[in-house]
1. Of the residues that sit in segment B:50-69 and are more than 14 Å from DNA strand C (Cβ to nearest atom) and in contact with a strand residue (DSSP E or B) (Cβ under 8 Å, 6 or more places away or on another chain), which one is farthest from residue B:107 (Cα to Cα)?
2. Looking at (1) more than 17 Å from residue A:22 (Cα to Cα); (2) more than 16 Å from DNA strand D (Cβ to nearest atom); (3) touching a helix residue (DSSP H, G or I) at 6+ places or on another chain (Cβ under 7 Å), which is the one condition that is false for residue B:131?
3. Which of the residues belonging to segment A:71-111 are within 14 Å of chain B (Cβ to nearest Cβ) and touching a residue at least 40 places away in the same chain (Cβ under 8 Å)?
4. Does residue A:7 satisfy being surrounded by 14 or more Cβ atoms within 10 Å (Cβ to Cβ) and assigned to a loop (DSSP other than H, G, I, E, B)?
5. Please state which of the following conditions residue B:61 fails to meet, knowing it meets all the rest: (1) within 14 Å of chain A (Cβ to nearest Cβ); (2) under 18 Å from the mean Cα position of the chain (by Cα); (3) farther than 25 Å from residue A:152 by Cβ.
6. Within segment A:124-153, how many residues are more than 7 Å from chain B (Cβ to nearest Cβ) and in contact (Cβ under 8 Å) with a residue 24 or more places away in the chain?
7. Is it fair to say residue A:13 is at the interface with chain B (Cβ under 10 Å from one of its Cβ atoms) and either in a loop (DSSP other than H, G, I, E, B) or within 16 Å of DNA strand D (Cβ to nearest atom) (or both)?
8. Just one of (1) away from chain B (no Cβ under 14 Å); (2) away from DNA strand D (no atom under 14 Å from the Cβ); (3) closer than 29 Å to residue B:8 by Cα trips up residue A:121, so point out which.
DNA sequence: CCAACATAGGTGATGCGTCAACTATTCCGG
DNA sequence: CCGGAATAGTTGACGCATCACCTATGTTGG
């Protein structure tokens, strides 16, 4: 057991800032989306994936992979979204174990209405506050950290 | 309703990177802490606040404020932590409505054991991957965004 | 062809976060 | 000193995330 390399003043300031930023930013984005379209951020994510496709219909597994979600989490979430009429499950002829998930009209309307407001909020809270250099720095930082995350599983 | 100012390529890359980073980083930090000390990140936060004090005993309200948590969330969480023997509730003589929260020996041991490993993980995943300039940039970015968050409530 | 295994996906239990409502106490104006 | 408002904290219901397990179907080697 070697000595713990504690964070120095600078690192610790950056870390506290990062934690505070992401906590508050996530909470705010969630609140705003909930307020003006009744969707949660996770509903939104799911709907985005379904909309991104040419076919508005995806296998559950593909959706899980695209979202990087556990299949069980997705399954539960889809059940709730289906209950609210945002998506429907459809049988899959080629593989009877599988299922397709399709957007409903209501789901499509919901995301088309939510997206502009969401982007506007992100722009207002984040990108309008940052210089171009900072935007690039943020992307670079994310890349470094993500590389390390993948490197170590 | 004016035109939506969508994100350009650069912004959108930064945003995707940020989202991926924080999602994966949070998940990883959580998993590691859970694995090597049985604490969740939120348990850890609570214990840190209790340890930071001179007196290892805080009013629930003070704790809520320090953590920036809703009192109800904190109340639920403390109930679970108490059940696991990490903290105890104590009566408050000066104000019979109130309660003190104190660290137990088990709670103290838990955080003392968890902290070094946690810092080591943060260092490995984040600070060892970044240059000094990037660390400062991250802090600056967080400040800008946090300022805007506070400005707009 | 069939037994063993893999794969797609769902289920139930439990912990967590939020909201609204509630209880018990304290404070404060008259 | 008393009645109403404010405050401290808890509770219950519900949506969400995770874990372990389950079912049904498909695949494959013998």
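1. Checked segment B:50-69; the qualifying residue farthest from residue B:107 (Cα to Cα) is B:66.
2. Failed condition: (3).
3. Our first condition is that a residue be within 14 Å of chain B (Cβ to nearest Cβ); within segment A:71-111, this holds for A:73, A:111.
Correct list: A:111 only.
4. yes
5. Every condition holds for residue B:61 apart from (1).
6. Number of matching residues: 0.
7. No: the conditions fail for residue A:13.
8. Looking at each condition in turn, residue A:121 falls short on (1).
No value in this document is a laboratory result; all are computed from the given coordinates. These numbers were taken from a predicted model, which means no experiment stands behind them. Cβ sites come from the backbone with ideal geometry, for glycine too, and all protein chains shown count toward neighbours.
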